[in-house]
Amino acid sequence: MRGTERFSLNQATVRQWSLPDLVAGCAAAGVRHVGLWREPVREYGPAAVARLVRAAGLSVSSLCRGGFLTAPDPAGRAAALADNRAAIEEAAAVGTDTLVLVCGGLPPGSRDLAGARERVADALAALVPHAAGCGVRLAVEPLHPVFAADRCVVSTLGQALALAERFPAEWVGIVVDTYHLWWDDTVAEGLARAGEGGRIAAFQLADWVTPLPEGVLLGRGQLGDGSVDLRWFRERVEAAGYTGPAEAEIFSPALWARDGAQVLAETLERYRAHVL
């Protein structure tokens, strides 16, 4: 990552942009990769998105998101599996081999974290054959522990690897997101372990600003504004053998209120200054 050739702009960073605006803006700025989200992809149409991205000479680094796999009841499990099979097909249709999974929180009234994680493993086992048939890798993303109750019972890199390592590395990997993992003093060992197993499927960048300006979900900081040693993460991810795109994924109403081209230019500048 000596230049910005591996930089990817995740759609969530410039939510104010339509898909055509995102593609045109990235192409104009020399950005070669984009990370996409299912909702706008579905609105535009996956096949149309694929044509739009290819025509601009871009590639799709990942599709967000599948997951929410912790339902204990048969109907909830069946619905989650059906939605994730659809997400796998959408990822293949837009031309990416990486589907990011946010695994889901505790079911209402439950305190059984271990049981919820085991249901995630069961769901992965059910989804891997379909993912393999579509040429899409399932990327388990550990989220900061503040999300364990309602969004993701997978909180650490070690927990994500424990799930992923039950399956072939070519079909189940993990996501390294600096916003979610920066606090963990075991992450260096986890990255080395992930590298040895070929498990790093995606690398995402955002900073942690204190106090969080918009709460934990939408309070991500622009690169360089917070506490995360972004360059340290990039160096460790590279040392682990990852050579794919680095996605700037910054949920921030302050960024969404600005001109998208200015946000992209600033993010590229911060990437050069704080990541490379």
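Just a few scattered comments:
- Separation between Cα centres of the stretch 23-71 and the stretch 115-171, rounded to whole Å: 22 Å
- Across the alpha-carbon atoms of the stretch 1-133, the computed radius of gyration and Dmax are 16.8, 50 angstrom.
- Protein heavy-atom accessible surface, 1.4 Å probe, per residue over the stretch 169-208: 32 Å².
- Here the stretch 171-233 exposes an accessible surface that is 54 percent carbon and sulfur, computed with a 1.4 Å probe and the other protein chains kept in place.
- Of P72, P211, P145, the residue with the greatest mean-square motion in the GNM of the chain, using alpha carbon springs below 10 Å, is P211.
- Full extension of the chain segment joining R85 with E189 gains 34.2 nm, where the gain is 0.36 nm per residue of separation less the Cα-Cα distance.
- Whole-number accessible area per residue in Å² for the stretch 81-137, which is evaluated in the context of all protein chains at 1.4 Å: 38 Å²
- For the stretch 63-203: rounded, prolate or oblate by the Cα gyration tensor [a/c cutoff 1.5]: oblate
- Within the listed set V154, V176, V31, the Gaussian network model of the chain (springs between alpha-carbon atoms below 10 Å) gives the highest mean-square fluctuation for V31.
- Per residue, the convex hull around the alpha carbon atoms of the stretch 135-213 comes to 99 Å³.
- Only Cα sites of the stretch 33-96 enter the Debye sum here, all with the same form factor; the resulting log10 I(q)/I(0) across q = 0.25 1/Å is -0.98, listed in q order.
- Span-rule helices in the chain, defined as complete DSSP H runs reaching 18 Å or more along the axis (Cα) with Kyte mean at least -0.5: 74-94, 113-134
The values are calculated or read from the model by the stated rules, or taken from the named source; none is laboratory data. Fair warning: this is a prediction, and the values are worked out from it, not measured in the lab. Side chains are part of the model used for accessible areas, which takes the heavy atoms of the whole protein and leaves out ligands, DNA and RNA. Shrake-Rupley method; radii C 1.70, N 1.55, O 1.52, S 1.80 Å.
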